[in-house]
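Student: I'd like to ask you about the structure that follows.
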Ligand code: SAH
Ligand code: SF4
């Protein structure tokens, strides 16, 4: 049928499609399935930004690209800031409806990691988080998550490298946008495209219990990070309002289930806030809470935000907290606040641009 008229189906953003879906679309439009591969490669591996520019495609595919009405969403960059140490670059990308989202590219000795957003804003309302402070705007579509990965890879292509790791720690709660996130992760882990190994992809959640259980049930091959911040219900609720919906006891039970079913370690995130959740006593309670779970605790000193009066823990308090965990047999790392001079905390660049406040 390839010489005849195109039978185009309803078109959209090509980045929303999985490889199988792309094949189905091409076949439904009268092309052979083999055309999916060069198109997929151009978009997901080579980072093509314009379908019309793919002159090396076979003629039927070129024609489809020109006529079928599918578009390749390449979000314009509204801001591009580099940290003074040169290791972190933060992009504000503009979606088609004008919403801006953050994508961060971190590079340590050739091992590049992208930190992507899964929603514009966030409904979970963690009090110390700039994204939580702006409230929920909307979910991102799979293609909008994929576009961030492609953007990061295009930056790296300039220096002949590629993304190795992906973390879902930008704006939004990934498990509140479960289906779109899973679709996006299938796409970026496809070996014919961006090819990011599933075990190098980390989903970070504030503790959406049904989502954690579903990840285990579906045996999703990604790493899991759970943001804890409090070791008893009261302490946690004061920082993480979502704990009212999914109480700490249920969350820990879900984590226990996940780590035993998946036989995987869980990374627990802990934002250290002076005088709020950084005492040695709290660290002891964290250790008791996590006993029996294969866990690693990442301690992150608070990045100050305009909407929260708390401050980062003193270095000594962070070390004491870490030592208490280590003595209880729980591995733990203090994460440095890299790129603080570009407001590397979640949602902070967008919040700053909105407030037109210059930091540093
Ligand atoms: N919603 C998910 C993923 C995005 S937030 C989650 O909460 O896990 C990614 C991480 O950034 C979370 O661990 C969160 O606690 C942390 N974070 C948010 N604001 C922060 C701030 N101001 N300082 C330090 N860490 C922050
Ligand atoms: Fe949402 Fe995560 Fe920020 Fe909490 S920390 S408000 S869950 S983005």
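The values are calculated or read from the model by the stated rules, or taken from the named source; none is laboratory data. The structure displayed is predicted, hence computed values, not measured ones. So basically every Cβ, Gly included, is an ideal-geometry build from the backbone, and we count neighbours across all protein chains shown.
Student: For segment 248-268, give me each residue that is closer than 14 Å to residue 214 by Cβ and either at pLDDT below 95 or surrounded by fewer than 19 Cβ atoms within 10 Å (Cβ to Cβ) (or both).
Tutor: Selection gives 257, 261, 262.
Student: Checking residue 199 against (1) assigned to a helix (DSSP H, G or I); (2) in contact (Cβ under 8 Å) with a residue 40 or more places away in the chain, only one condition comes out false. Which one?
Tutor: Only one criterion is unmet by residue 199, namely (2).
Student: Let me ask another. List the strands (runs of 3 or more DSSP E) inside segment 66-184, counting only whole elements, that have at least 3 residues being within 13 Å of the chain's Cα centre (by Cα), surrounded by fewer than 23 Cβ atoms within 10 Å (Cβ to Cβ) and within 16 Å of ligand 2 (Cβ to nearest atom).
Tutor: Details: elements: 77-82, 88-94, 100-108, 111-115, 119-121, 136-139, 165-168.
Output list is empty.
Student: Checking residue 153 against (1) over 14 Å from residue 176 (Cβ atoms); (2) within 13 Å of ligand 1 (Cβ to nearest atom), which test does it fail?
Tutor: (2)
Student: From 193, 207, 197, 170, which residue is in the same structural domain as residue 244 (by TED's automatic domain parsing), within 15 Å of ligand 1 (Cβ to nearest atom) and over 21 Å from residue 86 (Cβ atoms)?
Tutor: On the way: 193 fails: within 15 Å of ligand 1 (Cβ to nearest atom); 197 fails: within 15 Å of ligand 1 (Cβ to nearest atom); 170 fails: over 21 Å from residue 86 (Cβ atoms).
Of 193, 207, 197, 170, the one residue that is in the same structural domain as residue 244 (by TED's automatic domain parsing), within 15 Å of ligand 1 (Cβ to nearest atom) and over 21 Å from residue 86 (Cβ atoms) is 207.
Student: While we're here: What's the number of the condition residue 352 fails, among (1) buried (at least 18 other Cβ atoms within 10 Å of the Cβ); (2) away from ligand 2 (no atom under 14 Å from the Cβ); (3) modelled with pLDDT of 95 or more?
Tutor: (3)
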